[in-house]
């Protein structure tokens, strides 16, 4: 199974979702389970097809029709040049850093009022990750903070 | 009827009613712009404010909000790839690429004029159809709703940006996700894993925020450019004028999309989230010359916006004629009407027709104002695109998460948005467009419910023995076949010419 | 750098001006200034100065429905009649078929600053695992009780309740078997010996429409939902679930006349106002008195009657408590019937 990269793992993940859907659907009453069951099976099949076509060349060559790309295919050819994979690695590193920021922000938002969390996040992120000057960071953080206050102070009376 | 219209017009223009309408427009544009907030929140916020006001002023303000939301939402869709409300999702497909090419003004101008004209069209149709409206509303029963949902979902095939198979997979995934929650028709709780939060299913607003705003912000930040990708930004003013005229250049497409929107508005229960995808899909299918969809085709902005605002006019039909709200916003509007002593329903037309005319005037007026306010404000916002992504990216993230939180005051929505944001990012990265997912998520519930309802009422043949249902089915079938045939033909041409695939 | 700073400055300025304007307007509309006039509330024993701050009123559904509308009519009157005239702030907490909002009321501090609205159908969630006990809530009173009306579609081949009984089978449109209207229809048809086949819908408006379109023969819904269709002639009333005939439908028999008086207790939709369990006596008394005063206000009655389309059936807290406990026993009794019909 050559080429089990992130793309392949993602497809397996979706196949897993379909499996979970299928297993759970068996516990529902007949009318309720009908459509989800069909959908889950479909999902598993589709993901299996896609996975095999891209990642298991031995089988994949019979499934050429699945690989047809439409207008805006994201998949780039697997011309494995060294600098390509280096760039990809960089991108992934940056992605994981961003995800960390995102999740951290979301978690903090759950504990601390948004009035504090938002400017804090903006300040830190823009300065540390974005590499901008302190001035820009403070500016954006402050204006967003004030904006939030004005807007959600109105709303604060009713929902948040 | 003449006297009533004149009476309504004079009531309407009596100061300070126009002031209230303008205030409603401001709030509506703002709430439309902010992801997570929309017409529903603005209306709920304003309802107590209207207590002390006269009926006309109250209606003016509330309808003013409703009219302005679709355009407000298009501003963030175009500039930030972040639909302000679910009904602006399709506007991002071509609106944002235009921004990236430095043509934000062009896109905004087109959105403004198509929104305004779409609303006018919707109202004209409303007035013409008012007597017929009853028939239309009554003619749509379970099989027809099912076919409408099916048609909406088949747009996936048209719009699959990527391989058809991956689009299908994304769609199936979306349909599966739409099964989450308590299903009234089968009376069962599915895929909730014991949580209260998932009882009502996966909420569209935070899911959309994740799939569109957050994931695109992530992409932007990884790519590292400014929003305009280093392209030169053309003069905003001239761009706007060009955009405003663009609607007239594509007049028939505009008319057709307005019709789609109005019809969807008349049918209670099918909302803006559907109309914008259907209109977009229609535009993609019916364009012959030089389609650039997904890369900044202005028709991709005109189509969804026209149908969004036309639907508001159409939505007044079931609301006023039957007292049946077609959406959350009209439901709140209805509640406000009742609070002011009006009883929408068959009686209203007879007892108090001036009210209906006031609603109509308010809708037109609010769209005009929204266009003016929006364009004026957007001129400054369009400068945003020159800012480095390191500033914009986190701002979008912050706005998105706070918007998700504010949408219903639930922290779980924030978590949902983040989850879908990450999901959406990886989906896009590996070639699975999130558009089919969204469409399926929005329509899946209706599809399943009406399927079971049809089986319970008329049995399986109900789908094919009723004229409207059968007609819609055939239409859907044709819609699906056409791109297939087109693709086959194109592939054949390429083979003949001995060229590479596109 | 300077250029960009100026732009963001301009932006923020515009936003702020816009919002300040809206802020002022909304602020003026939402709450009146709190007058410092303290009213005596008779013989209250404790020296507490309740209420000293805003009161939150929770509505466990989205804005726009009848419960929402009735509550919004009530709120300003409560404000007027409570000592110190606090703001009564409406908060919609939709989700989980009322259970999310009801849970929130249940969990709130029982200090009188959080109250909300309930309906007698909430017992279903309690029976299926929610963590609250509706019989323990601190009841303030009944805001309104909707009379159920059973109606046939104008397109149906049946023309009266007798016709349905003769046929022995009928197609009925309901919301769901665990909602008040669905259970009501199930029990009624069962009692009358009519075999129902149900089509379920997302809400009562959709259920009514199914009758209007003729997709079903029979619907059984609250007066304010169904009245407009009866007036337009799309639905024909065949029975009303009230002890006396309704002024609106003088020719329609009551369920009592048809011989099923026992159903009166079961088929109804009550809007009950209350607070979390364990609220102190004195606070509760103040709330109840303010509630009663509001209900007696002619302006309130006029507004409610217009909104509900019929006479308003209010009630004291004892009535409310009684309704809730009866509802619980009814739903418990019919649990098996529900399950049997839920294929």
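Just so you know, all these numbers are worked out from the coordinates, no wet-lab data involved. Computed from a prediction, not measured in an experiment: that's the story for all the values here. When we count neighbours, we look across all protein chains shown, and the Cβ atoms used for this are built from the backbone with ideal geometry, even at glycine.
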Subject >> Shielding by partners, peptide B:431-438 (average Cβ within 10 angstrom, other chains) >> reply: 2
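Given Cα pairs under 8 Å that are at least 6 residues apart, what percent is the relative contact order of chain B? The partial results should precede the final answer.
On the way: 971 pairs, mean separation 141.4, N = 502.
28 percent.
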Original post:
Each label point is 7 Å from the Cα along the Cα-to-Cβ direction; what then is the distance between the points at residue C:335 and residue A:45, in nm?
Top reply: 4.1 nm
Original post:
For the range B:394-502, what's the relative contact order in percent, using C-alpha pairs closer than 8 Å and at least 6 residues apart?
Top reply: 8 percent
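So for the range B:245-384, averaging the separation of alpha carbon pairs under 8 Å that are six or more residues apart and normalising by length, what relative contact order in percent results? Numbers along the way, then the final one.
Values: 158 pairs, mean separation 33.2, N = 140.
Relative contact order, the range B:245-384: 24 percent.
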Original post:
Quick one: if the Förster radius is 22 Å, what FRET efficiency do residue A:86 and residue A:61 give, using the C-beta to C-beta distance and rounding to 0.05?
Top reply: 0.15
Original post:
Points 7 angstrom from Cα along the Cβ direction at residue C:257 and residue C:318: gap in nanometres?
Top reply: 3.2 nm
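Which of rounded, prolate or oblate describes the range B:389-502 when judged by the alpha-carbon gyration tensor and an a/c cut-off of 1.5? Display every interim value, and only then the final one.
Values: a/c = 3.71, a/b = 1.20, b/c = 3.10.
Because a/c hits 1.5 or more and a/b fails to exceed b/c, the range B:389-502 counts as oblate.
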Original post:
By what distance, in whole Å, do the Cα atoms of the range C:101-227 stretch along each of the three principal axes, largest value first?
Top reply: 56, 26, 23
Original post:
From the square roots a ≥ b ≥ c of the eigenvalues of the alpha-carbon gyration tensor of the range B:116-226, which class results: rounded (a/c under 1.5), prolate (a/b over b/c), or oblate?
Top reply: oblate
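Counting other beta carbons within 10 Å of each Cβ, put B:486, C:171, C:326, B:311 in order, fewest first. Display every interim value, and only then the final one.
Details: B:486 11, C:171 20, C:326 15, B:311 33.
Placing the least packed residue first, the sequence is B:486, C:326, C:171, B:311.
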**OP:** Calculate, axis by axis, the spread of Cα positions in the range B:85-150 along the three principal axes, and write the results as whole Å, longest axis first.
**Re:** 47, 28, 15
Subject >> Per-residue [θ]222 nm for the protein assembly as shown (sum of -39500 (n - 2.57) over DSSP H runs n ≥ 4, rounded to 500) >> reply: -21000 deg cm²/dmol
Original post:
Based on the Cα coordinates of the protein assembly as shown, what is the per residue volume of their convex hull in Å³?
Top reply: 171 Å³
Original post:
log10 I(q)/I(0), Debye, Cα-only the range B:1-102, no solvent, q = 0.11, 0.15, 0.16 Å⁻¹?
Top reply: -0.41, -0.64, -0.69
Original post:
Taking neighbour counts of Cβ atoms within 10 Å as a proxy for exposure, in what order, fewest first, do A:127, C:142 appear?
Top reply: A:127, C:142
Subject >> FRET efficiency, 1/(1 + (r/R0)^6) with R0 41 Å, evaluated for residue C:135 and residue C:160 via beta carbons >> reply: 0.60
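How would you rank B:389-401, C:220-232, highest first, on the average number of other Cβ atoms within 10 Å across their residues?
In descending order of packing, they fall as B:389-401, C:220-232.
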Subject >> Residue-averaged beta-carbon neighbours from other chains (10 angstrom radius) around B:117-129 >> reply: 0
Subject >> Inter-chain Cβ neighbour average for residues A:36-47, partner chain, 10 Å >> reply: 5
**OP:** Under 1.5 on a/c is rounded, so check that first for chain B, then, if it is not, pick prolate when a/b is larger than b/c and oblate when it is not; a ≥ b ≥ c are the square roots of the alpha carbon gyration tensor eigenvalues.
**Re:** rounded
Original post:
Which residues does a label at residue B:128 reach in the range B:278-321, if reach means a backbone N under 17 Å from a point 7 Å past the Cα toward the Cβ?
Top reply: B:307, B:310-317
Subject >> Separation of the residue B:372 and residue B:386 label points, Cα + 7 Å toward Cβ, nm >> reply: 2.8 nm
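Please arrange B:426, B:277 by counting, for each residue, the other beta carbons lying within 10 Å of its beta carbon, fewest first.
B:426, B:277
If I take all pairs of Cα atoms in the range C:197-315, what percentage of them are more than 20 Å from each other?
Values: 4014 of 7021 pairs.
Value for the range C:197-315 (Cα pairs over 20 Å): 57 percent.
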**OP:** Go ahead and run the numbers for FRET between residue B:485 and residue C:311, Cβ-Cβ distance against an R0 of 41 Å, rounding to 0.05.
**Re:** 0.05
